[in-house]
Structure formats: C-alpha cells, structure tokens
Amino acid sequence: HEAALYCGVLTEKLPKRPFEFFKRLPNRVRVLDDYHAKLREEEYNKCRMEMLRQICEREQECIEYQREKREKEERYFAGLQETYKLQKEREEKRRQRTARNRKNLA
C-alpha cells in the first residue's frame, strides 16, 4: 500500500473489473457495443498493469525508506531516554548535595 501511495497510484484503480463494467460509460445510460467495451477493457488493463509495474519497482525503495525512518526514530527516542536519565541523575545528585549541606549547617 505504501508503494502505491509513493507512486501516486490510487488503489481503487487497481482491482480487476468484469467485462460488464466496461459496457457503460460513467454516468451514462447507453450501453456500448462489445467492440468499444473491449477497447475500454484493454485500455484499462494496460493502465492497470503499468501502475502495478510501477508499484513493484518502488516496493523495495519503500521498504528501505520505512526501515530507515524506523531506525531514525529509534535513535531519536534513545537519545531522549539518555537525556532523561542524565537529568534524573543530576537531580538526584543535587538533592543529595542539598541534604548533605543542610545536615552540615545544622
């Protein structure tokens, strides 16, 4: 699905359609003859195959992009966790120093 979005392909244009679908033009009552319906079907299938080819070509790129994105987010959150841990340690040291100083003054 990601590869389709990456290519700009609408997934609702990808399903195989029955021949009866091509006998009518969109928003029209008139039924086309078999020759013109067959032409429409062939054009649709040609475009559909081209879109599927593009998606297959881009699929590996999308997988790599998602993996890189996930790794980048993991590094980012690991950095945040490390920063939080250091701040907690500093705060604890500050508390201990304050408590020791109060004890020495008393």
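For the options E71, E89, E41, a Gaussian network treatment of the chain with springs between C-alpha atoms closer than 10 Å singles out E89 as fluctuating the most.
Note on the chain: GNM, Cα springs under 10 Å; of E92, E42, E82, the largest mean-square fluctuation is that of E92. Okay, which of segment 2-16 sit inside 16 Å, backbone N to the point 7 Å along the Cα-Cβ direction of R67? So the set is 3.
Near the amide H of R24, within less than 5 Å, lie the amide hydrogens of L32, all on another chain or at least 5 residues away, with H placed in the peptide plane. Counting lysine pairs in the chain that sit 8 or more residues apart in sequence, or on different chains, and whose Cα atoms lie under 15 Å apart gives 6.
Any chance you could run the full-extension gain for Q54 through N27? It's 0.36 nm times the residue separation minus the Cα-Cα distance, nm to one decimal.
On the way: separation 27, 0.36 × 27 = 9.72 nm, distance 2.97 nm.
Result: 6.8 nm gained on full extension.
Summary value for segment 14-81: 24 percent relative contact order, contacts being C-alpha pairs under 8 angstrom separated by 6+ residues.
Which residue, chosen from Q96, A3, A78, occupies the Cα position most advanced towards the positive end of the dipole of the chain, where the dipole is computed from +1 (Lys, Arg) and -1 (Asp, Glu) charges on Cβ about the Cα centre? Selected residue: Q96.
In terms of packing, defined here as the mean over residues of other Cβ atoms within 10 angstrom, the peptides 47-54, 95-102 line up highest first as 47-54, 95-102.
Dipole magnitude of segment 34-106 about its Cα centre, charges +1 at Lys/Arg Cβ and -1 at Asp/Glu Cβ only, in debye to the nearest 20?
1480
Express the accessible area of the chain per residue in Å², computed with a 1.4 Å probe while the remaining protein chains stay in the model. The partial results should precede the final answer.
On the way: 9450 Å² over 106 residues.
With all protein chains present, the chain gives 89 Å² per residue.
The values are calculated or read from the model by the stated rules, or taken from the named source; none is laboratory data. Keep in mind it's a predicted model, so treat the numbers as computed, not measured. So basically every Cβ, Gly included, is an ideal-geometry build from the backbone, and we count neighbours across all protein chains shown. SASA here: full protein model, heavy atoms, side chains in, ligands and nucleic acids out. Shrake-Rupley method; radii C 1.70, N 1.55, O 1.52, S 1.80 Å.
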